[in-house]
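The values are calculated or read from the model by the stated rules, or taken from the named source; none is laboratory data. Keep in mind the model is a prediction, meaning the values are calculated, not measured. Positions of Cβ are generated from backbone atoms using ideal geometry, with glycine treated the same way; all protein chains shown enter the neighbour counts.
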Amino acid sequence: MILPLILILIGFGLVLAEVFFPSLGVLSILAGISIIASVILAFQESNPFGIAILTVAVAGVPVTVFLAFRVFPRTPVGRRMVNPGFNWKAEERAAVQHRAAQFVGRSGVAESPLRPAGIADFAGERLDVVTRGEHVDPGTRVRAVRFVANRLIVEAEPETETQT
């Protein structure tokens with residue numbers, strides 16, 4: 001009766017070890033074997049004990065993995081291994097947003113192919129822009145339509161015919 005409990009704890013320990021020490025699945029396979037053996041041995045003891053161990057295994061593995069991924073980045077080792085990402089200060093983010101948002105409604109020229117993202121020149125300032133899905137060739141006049149989610153959305157200006 002004690003062996004299934006030991007095996008399921010070993011299985012959970014191996015699941016945690018896989019999160020902390022990536023082994024290309026070797027520890028996961030060993031964890032799976034340990035947990036399955038635990039369930040089989042528990043059912044050989046009695047059906048209620050088997051159902052209890054099976055329930056713990058089915059609910060415990062996802063919870064263990066979830067907690068490991070939530071806790072690991074906060075540990076000293078995790079902080080050294082996990083890239084925290086770039087964290088802009090609010091005033092820096094507002095400055096970038098304001099700089100691009102001021103061009104809404106203005107015309108510029110596509111400097112690179114916009115497929116759908118690229119670079120356009122607005123009054124001598126090169127900005128990353130995005131179209132609504134259409135492709136725009138370099139040199140085409142574009143107009144900034146909206147600024148949404150830190151993206152300046154542009155569309156090609158209709159070509160005006162010159163009459164002689």
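So the values come out like this:
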read-out	value
Filter result (in contact (Cβ under 8 Å) with a residue 40 or more places away in the chain and among the β-branched types (Val, Ile, Thr)) within the range 41-60	Ile53, Val56
Complete set of residues in the range 122-139 that are exposed (fewer than 15 other Cβ atoms within 10 Å of the Cβ) and in contact with a strand residue (DSSP E or B) (Cβ under 9 Å, 6 or more places away or on another chain)	Ala123, Glu125, Arg126, Asp128, Arg132, Glu134, His135, Asp137, Pro138, Gly139
Hits in the range 80-98 - residues which are basic (Lys, Arg), part of a helix (DSSP H, G or I) and either under 18 Å from the mean Cα position of the chain (by Cα) or at pLDDT below 75 (or both)	Arg93
Per-region count, the range 15-42, residues closer than 17 Å to Ala59 by Cβ and modelled with pLDDT of 95 or more	8
Conditions (1) touching a Pro at 6+ places or on another chain (Cβ under 8 Å); (2) among the β-branched types (Val, Ile, Thr); (3) surrounded by fewer than 20 Cβ atoms within 10 Å (Cβ to Cβ): number failed by Ile2	(1)
